[in-house]
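The values are calculated or read from the model by the stated rules, or taken from the named source; none is laboratory data. Note that the structure is a prediction, hence the values are computed from the model and not measured. Cβ sites come from the backbone with ideal geometry, for glycine too, and all protein chains shown count toward neighbours. Ligands, DNA and RNA are stripped out before the accessible areas are found, and what is left, the full protein with its side chains, is counted by its heavy atoms. Shrake-Rupley method; radii C 1.70, N 1.55, O 1.52, S 1.80 Å.
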Amino acid sequence: MTNEEIKTYITAHASEATFDETGEWLTILIESNHLKSLAAVLRGQPMQLDFLFCLTCVDFKTHLTMVYHLTSSSNRNINIVLKANVNSADPIIETVSDLWRTAEFLEREVFEMFGVDFLHHPDLRRLILEEDFKGFPLRKDFDDPINMIKL
Amino acid sequence: MLSLESITKTIQDWLLTKFSPQIALTLECVIVILLAITLFAMLGLVLVLLERKVAARIQIRLGPNRVGPGGIFQTAADTLKLIMKEGLTPDSADKFLFNLAPFVVMMVAMLLLAPIAFAKNFQIWDINIGVLYISSVSSLSVIGILMAGWASNNKYSLLGAMRSGAQIVSYELSAGFAVLTIVVLTGSLQISEIVAAQENGWWLFKGHIPVIIAFVLYIIAVTAETNRAPFDLAEAESELTAGFHTEYSGMKFALFFLAEYINIFIVCAIGATLFLGGWMPLHIGHWESFNHIMDYIPSSIWFMGKTFFLIFVIMWFRWTFPRLRVDQLLNLEWKYLLPISLFNLLLVTVIAIMGWYF
Amino acid sequence: MYTETEIIKDNTDLGPDGELVVNMGPQHPATHGVLHLVVTLNGETIKKIEPHLGYIHRSIEKMCESLTYRQFIYVTSRMDYLSSHINNTACALLVEKGMQIEVPERAKVVRTILNELTRIASHELWIGAMAMDLGAFTPFFYAFREREMITDIMEDTCGARLTMNYIVPGGLMYDIHPDFQTKVKAFVKQFKEKVTEYEDLVTGNVIFQSRTKGVGVLTAEDAISYGCTGPVARASGVRCDIRKIDPYDAYDRVEFDEVIETAGDSFARYMVRVKEMNQSIRIIEQLIDQIPEGDFVGKTKNVLKLAKGEFYQRVETARGELGVYIVSEGATTPHRIKFRSPGFSNLSVLDHIAKGSKIGDLMATMGTLDLVIPDIDR
């Protein structure tokens, strides 16, 4: 599949998706409430993007962006970056852990590091931080006057 | 020639001339106890050093080589360290049982020493049911291990103790049947008679196939009974940190450690007595001149040589094999070793009745 | 915070249905680091495994946000400390990609050789550590005999034995040691002779085979779904070698096979790693006489600045696919950096494949997943 074909296929299923081709791989930007349905489309036939190799979140100060790197295990040349913006104050997004099991742990990491709430996640608990830790360390506004070294 | 037999005889005669028979017996007991304890300490030191040297040799390294020439005082230094360490008792442990357990394990090992014939006519107690005594007393060691595991109030200890219980109880059967093979052939339970029966050749050679099978079974079973690798599931340091003795420290740990090595020595000594003729020199049928030459080697050296050979074999196992899993361990015993032992016992009975041995 | 009595109570507590709950780690001989597994047991059978991470979390991703593109590479050596060269390569490649720096051929070839040496060293250590988990001590020393030669080569050329920090954006920090080629050749010769020794000791052993065959079976579907990469996924028959999919450095000009096993059990994972070492030797043999003359580092600016945008670079470490994802705002430091570490995904599959097996099987499974805890925690 070429990028153009992918674009037409995705537009047919999710008309509100926008594309960005400036990077190395095709980037799809979607609103957070439509993310789950688009992810299911990408996971299913004929795209078969069954390998979620990176899931993370980026803090752009004004908003948070969830980033999903997808590829297909049968054709590793197709790489797609899926992005969804969520607001910083009350970040909520649908989980993708039922589509890709690896997302279960990765979302738990994002949950404690960025405070993003994943709806319908099977086991949304802290994985790395202590239970009584305050704040979300990977956000830009996180400040730890004792342990952080500022350069 | 100055043999151990004549020394004991001289001491006894001297005691009897000086004291009444009761006091002489008491004094003899004291001497024996002191000698046994000394032997224990010496064996502990020697076997631990031997283990470390054997391990080092197998693992292409040098082993202990700093304390004393060739590192021979290494274990003495280690013991000193262990004595100086604090013997911790966990808060939530059952304190009485926790402190009793190492002594139970140690006492069992000491009791087993009694019927072993170290040299010609050099034996603490030549009881007429020697073999039965050994198999019954050796099964007591599981109590000490279960006690340690339970009283520690630690999950790893408990798991280790449970494993050890299942393991020792199972493998005792095979060891017992292997020992019975020799009892059937000799027709006696007395150690001195079993040794005497091997004057014209060791049972391993005289009893051919069934005894060789029994010998192999015995070695496997006692490796398991003494909780040695590849059957060291009770300790299994990669799974249960240290198994039943996780919570022990200092001298209490040292007693467990020592008991393990004493147990190895004892099972190997029994194996050497039953299958390899004990202190009996290597005698081959009617080769009179050959047998005569062999008699010049002192009997204690024969005994120790055979025992240490078996100890070396068991150490060799430890540093070569990975550990079995607990279900595989029990499968091996109940599905393979036990049926083979039962069949082997039948076979040896037939052979003994028909006289088909040398 | 817990009070003292609560801790004691917690220690003797049982699970909801009266199961035994055992804390394996953070200090446990088989976790090889500070991994904390809460294992729920029914007798010897495992009902549930719950990993608790964070005991060695240094927040490398946050640290990198305040380090420049020259500095942040050195922190990555401390992630997967057994593949530190490969981690450094990933970061260097990303910066080179972002700034279009031309890397000299000499640097490319040397990097590839060093990466493969690192892979062999890592697998050697793994063989020893895994055999130790299964209760065999001796293979450890045999494996370390060869690993020692590699660390000596690293020490000569890079000045360090574990966290080498030798690869910089644009090439290498300095030129290779004059003895590099002879020493590598000597190593290759000895490795080929001696590798059979510990293979004989481990591979053919009946107890080892019965401990690993059919234990911790991971199907190809699960491997993909859980995001497993590297030898773990390849043992389940998933093709995922980044060196083949997305060749970097000199991997496009060497011949080697992607090792694939299909059984998916612990023994298959073992076999993949053993065969992979031989493939690494093959790669080194092809390159060691072909190191081109010339510069060892390309022309770079003093201050590195990535253009505004997003960059992703993936490499194949000894444990699987390492991804570096950088969001740049055009400054001298990254805005956000994410390391997709192979160990993290490989750990997430542990509960799935070890459930229902015995404690002894957990050691085999965990051992063959080859977890490096600083890589998981970052």
Notebook entry, point to check: Within the range A:68-97, how many residues are in contact (Cβ under 8 Å) with a residue 24 or more places away in the chain, in a loop (DSSP other than H, G, I, E, B) and touching a Ser or Thr at 6+ places or on another chain (Cβ under 9 Å)?
Noted result: 3
Item checked: Selection within the range B:166-183 - open to solvent by 10 Å² or more (accessible area, probe 1.4 Å) and within 14 Å of chain C (Cβ to nearest Cβ) -> B:166
Check: Which one of the conditions (1) closer than 18 Å to residue B:262 by Cβ; (2) aliphatic (A, V, I, L, M); (3) open to solvent by 30 Å² or more (accessible area, probe 1.4 Å) does residue B:216 fail to meet, given that it meets all the rest?
Finding: (1)
Margin query: Filter the range A:88-122 down to the residues that are facing chain C (nearest Cβ under 9 Å), more than 19 Å from residue A:60 (Cα to Cα) and of a type outside the set (Phe, Trp, Tyr) and list them by number.
Written below: A:99, A:101, A:102, A:103, A:104, A:106
Next item on the list: Filter the range C:195-221 down to residues that are within 24 Å of the chain's Cα centre (by Cα), loosely packed, with under 15 Cβ neighbours inside 10 Å and assigned to a helix (DSSP H, G or I) and give me whichever is modelled with the lowest pLDDT.
Entry: C:196
Notebook entry, point to check: Out of all the residues in the range C:124-140, which are aliphatic (A, V, I, L, M), within 14 Å of chain B (Cβ to nearest Cβ) and part of a helix (DSSP H, G or I)?
Noted result: C:127, C:129, C:130, C:131, C:132
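Inside the range C:281-376, counting only helices (runs of 4 or more DSSP H) that do not spill past its ends, which hold 1 or more residues that are facing another protein chain (nearest Cβ under 8 Å) and buried (at least 19 other Cβ atoms within 10 Å of the Cβ)? Let's see the steps before the verdict.
Working: elements: C:342-348, C:350-354, C:359-369.
Qualifying helices (runs of 4 or more DSSP H): C:342-348, C:359-369.
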Next item on the list: Considering only the range C:289-326, state which residues are farther than 20 Å from residue C:85 by Cα and of a type in the set (Val, Ile, Thr).
Entry: C:300, C:303
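Give the residue that is farthest from the other protein chains (Cβ to nearest Cβ), with candidates limited to residues of the range B:22-52 that are under 20 Å from the mean Cα position of the chain (by Cα) and not aliphatic (A, V, I, L, M).
Taking the range B:22-52 and keeping what is under 20 Å from the mean Cα position of the chain (by Cα), we get B:32-52.
With the extra rule that they be not aliphatic (A, V, I, L, M), the set shrinks to B:38, B:40, B:44, B:51-52.
On the way: B:38: 32, B:40: 27, B:44: 21, B:51: 12, B:52: 12 Å.
In this case the residue turns out to be B:38.
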Note to self: Given (1) within 17 Å of residue B:312 (Cα to Cα); (2) in contact (Cβ under 8 Å) with a residue 12 or more places away in the chain, identify the lone condition not met by residue B:83.
What the structure shows: (1)
Next item on the list: Go through (1) outside any loop (DSSP other than H, G, I, E, B); (2) under 19 Å from residue C:225 (Cα atoms); (3) open to solvent by 30 Å² or more (accessible area, probe 1.4 Å) and name the single condition residue C:269 misses.
Entry: (3)
Notebook entry, point to check: Among (1) open to solvent by less than 40 Å² (accessible area, probe 1.4 Å); (2) free of Cβ contacts under 8 Å to residues at least 24 places away in the same chain, where does residue B:158 come up short?
Noted result: (1)
Check: Failed condition for residue C:84, given (1) open to solvent by 20 Å² or more (accessible area, probe 1.4 Å); (2) within 20 Å of residue C:116 (Cα to Cα); (3) of a type in the set (Ser, Thr, Tyr), with all others met?
Finding: (1)
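Residue by residue, here is whether (1) in contact with a Lys or Arg (Cβ under 6 Å, 6 or more places away or on another chain); (2) within 14 Å of chain C (Cβ to nearest Cβ); (3) hydroxyl-bearing (Ser, Thr, Tyr); (4) not in a helix (DSSP H, G or I) holds:
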residue	(1), (2), (3), (4)
A:10	no, no, no, no
A:45	no, no, no, yes
A:52	no, yes, no, yes
A:56	yes, yes, yes, yes
Item checked: Residue check, residue C:229 away from chain A (no Cβ under 14 Å), among the polar types (S, T, N, Q) and either surrounded by fewer than 17 Cβ atoms within 10 Å (Cβ to Cβ) or in contact with a helix residue (DSSP H, G or I) (Cβ under 6 Å, 6 or more places away or on another chain) (or both) -> no
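Would you point out which residue out of C:143, C:121 is under 20 Å from residue C:189 (Cα atoms), buried (at least 23 other Cβ atoms within 10 Å of the Cβ), more than 8 Å from chain B (Cβ to nearest Cβ) and out of contact with any Phe, Trp or Tyr (no Cβ under 9 Å at 6 or more places or on another chain)?
On the way: C:143 fails: out of contact with any Phe, Trp or Tyr (no Cβ under 9 Å at 6 or more places or on another chain).
On inspection, the qualifying residue turns out to be C:121.
Residues checked against (1) under 16 Å from residue B:8 (Cα atoms); (2) in contact (Cβ under 8 Å) with a residue 12 or more places away in the chain; (3) in a helix (DSSP H, G or I):
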| residue | (1), (2), (3) |
| --- | --- |
| B:118 | yes, yes, no |
| B:127 | no, yes, no |
| B:131 | no, yes, yes |
| B:137 | no, yes, yes |
| B:147 | no, yes, yes |
